[in-house]
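The values are calculated or read from the model by the stated rules, or taken from the named source; none is laboratory data. The structure displayed is predicted, hence computed values, not measured ones. Please note: Cβ atoms are built from the backbone with ideal geometry, for glycine as well, and neighbour counts cover all protein chains shown. Remember, those area values only see protein heavy atoms, side chains included, never the ligands or the DNA or RNA. Shrake-Rupley method; radii C 1.70, N 1.55, O 1.52, S 1.80 Å.
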Amino acid sequence: MSLMDDTNTFEDKTMPAENFFANSEPINDPEDLLAILESRPPTETNHYAVLNISKSASIEEIKEAYRRWSEVFDPEKHSDPALKNSAAAKLRVIKEAFDVLSDPRQRAEYNRNGDSGTASKWDIGHKVKTPQETMDDYARLAKEQQQLELENLVRSRNDITIHVDATRVFKYYQPPPISPFGRTSAKKQRTPTIIDSLERTEISQLYMKNSFLTRFGPKTQLILGGDMTSRSGTGSGNITGTLRHIYSDKLSLELGASMLSPRAAIVKGTYNVDPLTFVAGTAHFRGTRGPTPLVMTFGRRITKGTTGYMTYKTGDWAIGSWGPVFDERQNYSSMALGISSVDVKDSYQVEMLTGVLRSNLLMDRTWTVDESTRVRVGSNLSSTTGLTVSIGGDRRITQHTRLGLAVEVALSGGIAFNLKVMRLGQSVTVPIMLSNEYSPKFAFWSAVVPFCSLAALDLGYVKPKRRRERAQKLQELRQVHAEFIANQKKEAEEAVNLLKDSTARKTKQEQEKDGLVVVEAVYGNLNAGIIADVTIAVQALVNNSQLVMPGGHSKNHVLGFYDPCLGEKKQLRIRYEFQKSMHEAILDDLEHVVLPVR
């Protein structure tokens with residue numbers, strides 16, 4: 001059996017499974033940082049960072065933080081008019097953060113929308129803007145709002161799968177020319193070229209699917225779609241409609257139907273028994289020729305991100321004489337037991353299936369190599385087709401585009417190469433059948449040549465080009481935000497000047513009891529050496545020989561910090577003395593800080 005005999009059973013192994021918990025991953029990829037900087041200028045103050053509290057802080061913790069910082073930045077403690085004015089300005093920032101976070105309604109709005117949640121989004125700019133600049137800002141926001149509404153109204157997805165048979169490319173045979181008298185001609189045969197080999201490829205099958213999703217309220221979705229298959233000069237297609245509705249936190253239903261022949265309908269429901277357990281059932285209605293095939297799944301979360309499940313499929317079945325006889329059934333019953341784990345950096349799946357016609361053991365694992373690259377390895381041991389092994393991965397080549405490659409080798413079914421490109425809900429998949437027979441040598445080169453070629457292209461052209469474009473765009477953005485960068489640095493220096501006296505006293509107290517003394521703290525791009533000295537600002541956060549800096553937000557919003565390398569990945573390095581021993585900690589920008597570490 002070939003790896004690509006049946007489109008309906010074709011499994012795309014080009015891309016690793018999508019990670020539905022990706023939003024919880026810290027944003028460290030330079031492309032993501034640059035995109036965020038372009039769409040959301042760095043002009044907002046993070047109230048949680050100002051008070052140095054976590055997003056889940058209680059009202060008592062908010063009040064305590066406000067009391068502590070108000071005492072530190074009390075203007076009456078300074079006789080110098082410049083310091084007094086600086087302290088008053090910092091106190092206004094602290095008071096604003098307290099007013100927002102201490103009010104439940106304003107805090108909820110702030111958590112959802114940031115500063116735009118507590119103030120009207122249409123309050124444009126500063127008073128010094130000209131009328132034309134203000135009108136331009138209104139026009140820009142109106143356009144963004146209209147675009148967002150259109151995207152939420154209709155979401156399109158398009159999938160194209162082109163099956164290519166290239167088995168004849170690597171098996172060239174040219175029969176010797178025959179003379180008119182039946183003898184073999186002595187004419188010299190022409191040496192085949194690469195063009196001759198490529199001309200022997202053919203598209204064995206074409207599959208296209210398009211769908212549109214639109215919402216009717218927060219709990220209801222309607223999906224209209226169509227699909228088309230063409231093979232060996234014949235084709236077929238259908239139009240489908242699916243309605244999804246969430247009745248409650250426990251129950252959701254899905255109804256679907258095809259509008260053309262062969263007509264069919266599907267009913268699917270999911271019920272959450274408790275926060276860890278769910279039951280799902282699916283019924284396929286295909287007329288009155290037999291009982292409805294059913295699929296039932298029971299699942300339970302074992303650990304965070306890991307779920308065990310059991311699935312039973314009835315296949316085609318009969319009650320007495322109603323229903324197809326055994327030999328005429330298209331689908332047969334099966335039972336599957338599996339475990340699936342999805343994490344930010346690593347995911348895997350193990351499934352054992354046993355059925356009437358076949359049984360198989362499936363193992364699959366995906367690793368996240370870096371912010372842009374994922375690698376997947378899978379195997380399937382089947383009672384009918386033997387062992388099939390696949391290796392592949394995907395890489396983000398632009399902000400919205402991913403390229404995936406995979407090689408699949410079956411001991412009984414040959415070698416296939418898969419290519420996939422995805423961009424904004426649109427995907428093109430090209431499975432290429434290279435050989436109908438298994439050959440270790442051919443399998444090795446089928447994997448090595450494409451991957452090495454793409455790696456060379458990536459290292460020699462794509463990455464340098466992206467670095468140049470990013471550097472140019474980053475330089476432009478820094479020029480646009482030059483005034484903001486200068487003001488933020490000035491405000492950080494003013495905060496440090498205000499913290500010097502209180503921090504010196506705190507440092508002396510910590511030294512007397514062999515507590516936590518910050519020797520040096522720097523923040524920024526440590527590898528490039530673009531850093532800011534934040535030693536005093538970090539020491540000011542030490543309380544009772546402990547340093548706590550909640551994560552989840554950039555540290556450049558902390559009082560006494562500023563962003564020395566706008567748009568680049570930043571880290572915080574702290575060298576500190578605790579109990580007469582020196583220690584060092586390097587933490588990512590969004591990482592939670594708790595020192596000392598045992």
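Here are a few things to note about the model shown:
- Filtered by the rule that a residue be open to solvent by 60 Å² or more (accessible area, probe 1.4 Å) and touching a strand residue (DSSP E or B) at 6+ places or on another chain (Cβ under 7 Å), region 250-266 gives 250, 251, 253, 255, 259, 260.
- Scanning region 226-240 for residues that are touching a Gly at 6+ places or on another chain (Cβ under 8 Å) and either loosely packed, with under 15 Cβ neighbours inside 10 Å or farther than 18 Å from residue 287 by Cβ (or both) yields 226, 227, 228, 229, 237, 239.
- Among (1) on the phi > 0 side of the Ramachandran plot; (2) within 25 Å of the chain's Cα centre (by Cα) - the single one residue 404 does not satisfy: (1)
- Subset of region 194-205 (residues that are open to solvent by less than 50 Å² (accessible area, probe 1.4 Å) and not in a loop (DSSP other than H, G, I, E, B)): 196, 197, 204, 205
- Residue in region 433-446 that is in contact with a strand residue (DSSP E or B) (Cβ under 9 Å, 6 or more places away or on another chain) and at positive phi present: no
- Residue count, region 581-592 (criterion: aliphatic (A, V, I, L, M) and more than 14 Å from residue 519 (Cβ to Cβ)): 3
- Filter result for residue 562 (open to solvent by 30 Å² or more (accessible area, probe 1.4 Å), under 27 Å from residue 55 (Cα atoms) and among the aromatic types (Phe, Trp, Tyr)): yes
- Filter result (among the basic types (Lys, Arg) and either in a helix (DSSP H, G or I) or open to solvent by less than 100 Å² (accessible area, probe 1.4 Å) (or both)) within region 489-522: 489, 490, 500, 505, 506, 508
- Residues in region 470-488 that are open to solvent by less than 90 Å² (accessible area, probe 1.4 Å) and either assigned to a helix (DSSP H, G or I) or touching a His at 6+ places or on another chain (Cβ under 6 Å) (or both): 12 in all.
- Residue 220 meets each of the listed conditions (1) over 25 Å from the mean Cα position of the chain (by Cα); (2) open to solvent by less than 50 Å² (accessible area, probe 1.4 Å) apart from (1).
- The one condition in (1) among the charged types (D, E, K, R); (2) at pLDDT 85 or above; (3) closer than 30 Å to residue 222 by Cβ that residue 92 fails to fulfil: (3)
- Selection from region 406-461 of residues that are modelled with pLDDT of 85 or more, among the polar types (S, T, N, Q) and either open to solvent by less than 60 Å² (accessible area, probe 1.4 Å) or part of a strand (DSSP E or B) (or both): 418, 426, 427, 429, 435
- Residues of region 377-399 that turn out to be outside any strand (DSSP E or B), open to solvent by 50 Å² or more (accessible area, probe 1.4 Å) and out of contact with any helix residue (DSSP H, G or I) (no Cβ under 9 Å at 6 or more places or on another chain), as a count: 2
- Among the residues of region 359-376, those identified as open to solvent by 60 Å² or more (accessible area, probe 1.4 Å) and either within 16 Å of residue 340 (Cα to Cα) or in a strand (DSSP E or B) (or both) are 361, 363, 365, 367.
- Filtered by the rule that a residue be touching a helix residue (DSSP H, G or I) at 6+ places or on another chain (Cβ under 9 Å) and either buried (at least 20 other Cβ atoms within 10 Å of the Cβ) or not in a loop (DSSP other than H, G, I, E, B) (or both), region 579-592 gives 587, 589.
- Residues of region 561-580 satisfying the condition of being under 11 Å from residue 516 (Cβ atoms) and of a type outside the set (Asp, Glu): 574, 576, 578, 579
- Residues that are within 23 Å of residue 471 (Cα to Cα) and part of a loop (DSSP other than H, G, I, E, B) within region 549-578 comprise 554, 562, 563, 564, 565, 566, 567, 568, 569, 570, listed in sequence order.
- Restricting the first member to region 525-538 and to residues that are in contact (Cβ under 8 Å) with a residue 12 or more places away in the chain, and the second to residues that are in a helix (DSSP H, G or I) and of a type outside the set (A, V, I, L, M), the beta-carbon pairs closer than 7 Å and six or more apart or on different chains are 536/500; 536/503.
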